[in-house]
Amino acid sequence: MNLCIVSVTFAAVWMNTSRDIGNNVNSGIMIFRRLVLFLAFMVANSTALADQQTYIVHIDKTKIRASIHSQDSSKPWFESIIDFISEASMQEDGEEEILGPQLLYAYETSMFGFAAHLSKKHLKYLNQVEGFLSAIPDELSTLHTTYSPQFLGLRSRRELWTASNLANDVIIGVLDSGIWPEHTSFQDSGLSPVPSHWKGVCEKGTKFSSSNCNKKLIGARAYFKGYEKYFGKKINETVDYLSPRDSQGHGTHTASTAAGDMVKNANFLGQARGTATGMRYTSRIAAYKVCWSSGCTNSDVLAAMDQAVSDGVDVLSLSLGSIPKPFYSDSIAIASFGATQKGVLVTCSAGNSGPFPSTVGNGAPWIMTVAASSTDRTFPTKVKLGNGQIFKGSSLYQGKKTTQMPLVYGKSAGATKEAQYCTEGSLDPKLVHGKIVACERGINGRTEKGEEVKMAGGSGMILLNNEYQGEELFADPHILPATSLGASASKIVRSYSESVKKPTASISFMGTKFRDPAPVMAAFSSRGPSLVGSDVIKPDVTAPGVNILAAWPPKISPSFLKSDKRKVSFNILSGTSMSCPHVSGIAALLKSLHKDWSPAAIKSALMTTAYTLNNKGAPISDMASNDSPLATPFVFGSGHVNPVSASDPGLVYDISTKDYFNYLCSINYTSSQIALLSRSNFVCSRKAFLQAGDLNYPSFAVVFGRSAFNASVTYRRVVTNVGKSRSSYAVKVEQPNGVSVSVEPRKLKFEKVGQKLSYNVTFLATGGGKVAGSSSFGSLIWVSDRYKVRSPIAITWQ
């Protein structure tokens, strides 16, 4: 509560009662005392509120069950804990608490524990509860914000889109900002009844009823208790829907990317025209709204993940995340581990914090972590300067080319430093009117900059990239003639606009084009090596995430600007948020084709069949760099997903729950830290020799000291034959610089499907004196007459 409001309220009360004081002094004194007491209560109440926050509490399931059983309690275990905390706090104070502990959610499926609003005093008594493991403060995660099926080969080679494969019931749970259920991408004509294993519901709420669900959108829920506690106020229903309905567009976009139905003649204002479809367009969708106008709290995300697994989803898709942190304090990692144990594959976006190294999020080895790259479809523009130089840009603006107009650099178009970014109110109309304004990216949104230019009287805009943003070109739905330019062209435009007395420029718009070199890694895509798991290469794979066309709510403008009154059914967005649902949908395809495959086996198939060459036969490049444009496994993981090849990978690297436990032991997690993930009393073996590199992962990450010479390490792998019953493989190694790689045995011979064979890989450092933080890369490939099973190698010197 705001104390200023409280004091004003009481001032008003005092003024209203003061008229009677002259008649009855005693009455006035009594009123005064009551007011003082009430004010003291309100101050105490405000202090208590300030002392409380939401915690995600982890409990040892085995110990708490035993404790409750011994007390013969008929209450649910979480209520017993809350009651104990409340009673103990009251006994300490000798009176009833002003604000007791408030339970938000109980988690029992993908993890074990609860979320509650607690004070520091409550935490003290929580520590006395048998089975208590930890209490992690709630935090805010953010959203990591077609033609893709054709680029991925799903239309040209229809092996995965056969009637028998698509008929299987696979449910994709999408945790995002909700869904727009009336969109044609979510119509259910031709679909069979809802899968019998589905246990979810369609929750009612603001402008959302159970009738909004159908045989495509089979479930929808909304989670907001954590969000409201985090911000200390109710959700504003004039801004958002207190229901699964999407008010941001992000969730509708991602859900349709994963599993939207086929929609012919889909386009964005005439651009990118074609048939829009999800990766597995017959999959069922369960929408869990966990993200609101200011983000997504982990307590809500965990509640949704827990419920989704209980509801019966087969794949979970999360295009959201926060900063990297140890797995035992990473709520998404903890819940994902529980989901994986239940056979649910969890796919997450890598994050949009590139091109800086070690920014990759959602990096737990049991999570499928997805980077973002381009397709060969572009929306090119042409910028012509007054000196005749021409540059290629990108834009979704629909209109005629501009004439050659005066050009002004934003930095020179206002009185403050913010003018170079074209932020709100920073541009001087006298310096901008009738001109094309060159604005730097950053601080505010790209389309917002165009709005500022237009409001100041400008006639066009050029968005300038800096060196970190590289040659990344976003196609944005600008409300005036505008385009983005890469870093090299932007450098020339800056110099030209500041060195010429009367600089001019023009912009022309060239529509939709195809066959550019692709994929190219997005500069914004977060990169490895992982800060919390350097023994595993992250991200795992890359998928289309630049300028992706997908479903859009008709009430949300495509530019997110209130002044933009355009309505569209499909919008074009970029981000690892867009690449993640591509892989979620492809994973659903593999799940329907191989019902007995574990989440790790599906991950392995996607990783070992990924490709590293673009459509021109050259190595995949990186938009972030001009000097060394080739991307590495720390940018794209194993490579770009290849759905058709992944459906028949030959060999897979499977990982059991015990393998993950041993991995956690090898990175020196304590028993209590492992219990947070395992929900059991797993004890690390003191006799076994455990090393993180022995996790049966489909890639190899090796760390050497920078002065290492003749240092070596040997890792073991086990592969399972899922291809031809009788098959032989020979190993091929592409050696990383400074390291010798040897494999034993060099040949693997399988006699039947399902047979497992092991091999050892030894990495020997052959050259010392490396720069700390430098890396080199290679690969290990098992080759047969039909298959190539590839694993990337990343060597890092510390």
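The values are calculated or read from the model by the stated rules, or taken from the named source; none is laboratory data. Please read these numbers as outputs of a predicted model, since none were measured by experiment. When we count neighbours, we look across all protein chains shown, and the Cβ atoms used for this are built from the backbone with ideal geometry, even at glycine. For accessibility, only protein heavy atoms count, side chains too; no ligands or nucleic acids. Shrake-Rupley method; radii C 1.70, N 1.55, O 1.52, S 1.80 Å.
Overview of values
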| read-out | value |
| --- | --- |
| Condition check for LEU531: open to solvent by 10 Å² or more (accessible area, probe 1.4 Å) and more than 29 Å from the chain's Cα centre (by Cα) | no |
| Inter-residue pairs, beta-carbon under 6 Å, first of a type in the set (Asp, Glu) and in the range 612-641, second assigned to a loop (DSSP other than H, G, I, E, B) and open to solvent by 20 Å² or more (accessible area, probe 1.4 Å), 6+ apart | ASP622/PRO629 |
| Residues that are of a type in the set (Gly, Ala, Ser), open to solvent by 20 Å² or more (accessible area, probe 1.4 Å) and either touching a Gly at 6+ places or on another chain (Cβ under 6 Å) or not in a loop (DSSP other than H, G, I, E, B) (or both), drawn from the range 768-793 | SER775 |
| Some residue of the range 539-552 being among the β-branched types (Val, Ile, Thr), in contact with a strand residue (DSSP E or B) (Cβ under 7 Å, 6 or more places away or on another chain), open to solvent by less than 10 Å² (accessible area, probe 1.4 Å) and farther than 24 Å from TRP180 by Cα | yes |
| Filter result (open to solvent by 70 Å² or more (accessible area, probe 1.4 Å) and either closer than 16 Å to GLU130 by Cα or modelled with pLDDT of 90 or more (or both)) within the range 88-113 | GLU108 |
| Subset of the range 578-599 [open to solvent by 10 Å² or more (accessible area, probe 1.4 Å), in contact with an Asp or Glu (Cβ under 8 Å, 6 or more places away or on another chain) and assigned to a helix (DSSP H, G or I)] | LYS591 |
| Sole residue being within 30 Å of SER336 (Cα to Cα), among the hydroxyl-bearing types (Ser, Thr, Tyr) and out of contact with any helix residue (DSSP H, G or I) (no Cβ under 6 Å at 6 or more places or on another chain), chosen from SER740, SER672, SER728 | SER672 |
| Selection count, the range 214-241, where residues are closer than 15 Å to THR297 by Cα, aromatic (Phe, Trp, Tyr) and open to solvent by less than 50 Å² (accessible area, probe 1.4 Å) | 2 |
| The one condition in (1) modelled with pLDDT of 95 or more; (2) within 30 Å of TYR468 (Cβ to Cβ) that SER645 fails to fulfil | (2) |
| First in the range 385-407 and under 23 Å from VAL568 (Cβ atoms), second anywhere and of a type in the set (Phe, Trp, Tyr) and crowded, with 19+ Cβ neighbours inside 10 Å, Cβ under 6 Å, 6 or more apart | SER394/PHE379; LEU396/PHE379; TYR397/PHE509 |
| Unmet requirement for ALA371, which otherwise passes all of (1) open to solvent by less than 20 Å² (accessible area, probe 1.4 Å); (2) in contact with an Asp or Glu (Cβ under 9 Å, 6 or more places away or on another chain); (3) closer than 13 Å to GLY457 by Cα; (4) not charged (D, E, K, R) | (3) |
| Only listed residue being open to solvent by less than 40 Å² (accessible area, probe 1.4 Å), of a type outside the set (D, E, K, R) and over 28 Å from the mean Cα position of the chain (by Cα), chosen from SER488, SER495, SER506 | SER506 |
| Residue among GLY338, GLY274, GLY295 that alone is under 16 Å from the mean Cα position of the chain (by Cα) and either open to solvent by 10 Å² or more (accessible area, probe 1.4 Å) or not aliphatic (A, V, I, L, M) (or both) | GLY295 |
| Every residue from the range 721-739 that is over 30 Å from ALA765 (Cβ atoms) and more than 35 Å from the chain's Cα centre (by Cα) | LYS724, SER725, ARG726, SER727, SER728 |
| Subset tally (residues that are among the β-branched types (Val, Ile, Thr) and open to solvent by 10 Å² or more (accessible area, probe 1.4 Å)) for the range 244-265 | 1 |
| Candidates SER211, SER189, SER185, filtered to the one that is surrounded by fewer than 24 Cβ atoms within 10 Å (Cβ to Cβ) and not in a loop (DSSP other than H, G, I, E, B) | SER211 |
| Residue selected from the range 509-528 under the condition outside any strand (DSSP E or B) and either open to solvent by less than 10 Å² (accessible area, probe 1.4 Å) or of a type in the set (S, T, N, Q) (or both), by the criterion nearest to GLY386 (Cα to Cα) | THR512 |
| Whichever residue in the range 719-766 is among the β-branched types (Val, Ile, Thr) and over 30 Å from TRP797 (Cβ atoms) and, among such residues, is most open to solvent (accessible area, probe 1.4 Å) | VAL753 |
| Lone qualifier among LYS501, LYS449, LYS513 - being farther than 30 Å from PRO619 by Cβ and touching a Phe, Trp or Tyr at 6+ places or on another chain (Cβ under 8 Å) | LYS449 |
| Breaking point among (1) closer than 22 Å to SER358 by Cα; (2) open to solvent by 20 Å² or more (accessible area, probe 1.4 Å), for TYR611 | (1) |
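Residues checked against (1) surrounded by fewer than 24 Cβ atoms within 10 Å (Cβ to Cβ); (2) in contact with an Asp or Glu (Cβ under 8 Å, 6 or more places away or on another chain); (3) part of a strand (DSSP E or B); (4) at pLDDT 95 or above:
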| residue | (1), (2), (3), (4) |
| --- | --- |
| ASN267 | yes, no, yes, no |
| MET279 | no, no, no, no |
| ALA286 | no, yes, yes, yes |
| ALA308 | no, no, no, yes |
| LEU316 | no, no, yes, yes |
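Residue-wise test of (1) among the hydroxyl-bearing types (Ser, Thr, Tyr); (2) closer than 19 Å to SER604 by Cα; (3) at pLDDT 95 or above.
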{"residue": "SER672", "(1), (2), (3)": "yes, no, no"}
{"residue": "LEU676", "(1), (2), (3)": "no, no, no"}
{"residue": "ARG679", "(1), (2), (3)": "no, no, no"}
{"residue": "ALA688", "(1), (2), (3)": "no, no, no"}
{"residue": "ALA708", "(1), (2), (3)": "no, no, no"}
{"residue": "TYR715", "(1), (2), (3)": "yes, yes, yes"}
{"residue": "VAL733", "(1), (2), (3)": "no, yes, yes"}
{"residue": "VAL741", "(1), (2), (3)": "no, no, yes"}
{"residue": "LYS749", "(1), (2), (3)": "no, no, yes"}
